[in-house]
1. Which value in nm describes the separation of the simple spin-label points at residue 84 and residue 50, placed 7 Å from the Cα toward the beta carbon?
2. Most exposed first by the Cβ proxy, i.e. fewest other Cβ within 10 Å, how do 249, 267 rank?
3. What nm value, rounded to one decimal, do you get for the distance between residue 177 and residue 257 when each label is placed 7 Å out toward the C-beta?
4. Grab the beta carbon distance between residue 184 and residue 236, set R0 = 56 Å, and tell me the FRET efficiency rounded to 0.05.
5. In region 177-206, which residues have a backbone nitrogen under 19 Å from the label point lying 7 Å from residue 284's Cα in the Cα-to-Cβ direction?
6. When you count, for each residue, the other Cβ atoms within 10 Å and take the mean per peptide, how do 113-122, 182-191 rank with the highest first?
7. Please give the contour-minus-distance gain from residue 219 to residue 167: 0.36 nm per residue of separation, less the Cα-Cα distance, rounded to one decimal in nm.
8. What is the fewest-to-most order of 236, 72 by other Cβ atoms lying within 10 Å of their Cβ?
């Protein structure tokens, strides 16, 4: 998702070019790459830490066979605090934070470079600037999604197993390397790629939905504030941040409603082993989930996921724009 985050930040800037905000559009060539990745690693890790407890609650609700799955997110959160304390709501964070650093660099670099290339090659086609920007961001998001998923899926498998250890029927691990060792020993390397297909096939539509909601919300907000293509009024940086944050919140909320069933299936596929005979699959996972809870089971963990994606959308946009502004090369 970090890849989609980056694409949207520039889509956001591009969508406001009619508002005389050219300084908000910062391309790859204008960035100090070292500073960009160092500052990005620090700020995105901090953001990830703030939101991690909602991910733990959501994951536990999605994989629990009873009890937790029927409780509200706040009740599950308090239950984890009572039984495991603060470390319980941060299970898997160390592995996720450290492990995500190489993947984040890979995702952001592939996104920015592929976007530059796509924008350059689209000059040969007869299309408007708005269309060129949309095509370039779409290609970049697709390329970055493929690269990042190849790295992030094994990391998700490890982190989610650490999050749910201790629940009935779940294994206990001594750390991330013990997870890797046990998964590889029982299933081989492909065990670390459980859910890779569904992740890859759904990531692009989910990102498209996120950015479609984000663009529509941002446009509506700008118009309601009296800004438009023909206006000479220029918004301040504080207004820009406020509009981006609000649109990000709306986009995250809309996206969570559509993508929660897919996320529930993917999470259970990655962490659960009680499928009887044969290798776990999307169909087996879906049937098991429907048998346990019916169609409402597909929305297990919806509350925490709704909160997570709404907060993520808001903080991601603000954080990414800040990182880019802080990483601009000094003028020669």
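Laboratory data are not the source of any read-out in this text; all were calculated from the coordinates shown. The structure displayed is predicted, hence computed values, not measured ones. Cβ coordinates were reconstructed from backbone atoms using ideal geometry, including for glycine residues, and neighbour counts include every protein chain displayed.
1. The two pseudo-label positions are separated by 2.3 nm.
2. Least crowded to most crowded, the residues run 249, 267.
3. 4.7
4. Efficiency computed from Cβ-Cβ geometry: 0.55.
5. Those under the cut-off are 182-199.
6. In decreasing order of mean packing, 113-122, 182-191 become 113-122, 182-191.
7. Values: separation 52, 0.36 × 52 = 18.72 nm, distance 4.49 nm.
Gain on extension, residue 219 to residue 167, equals 14.2 nm.
8. 236, 72
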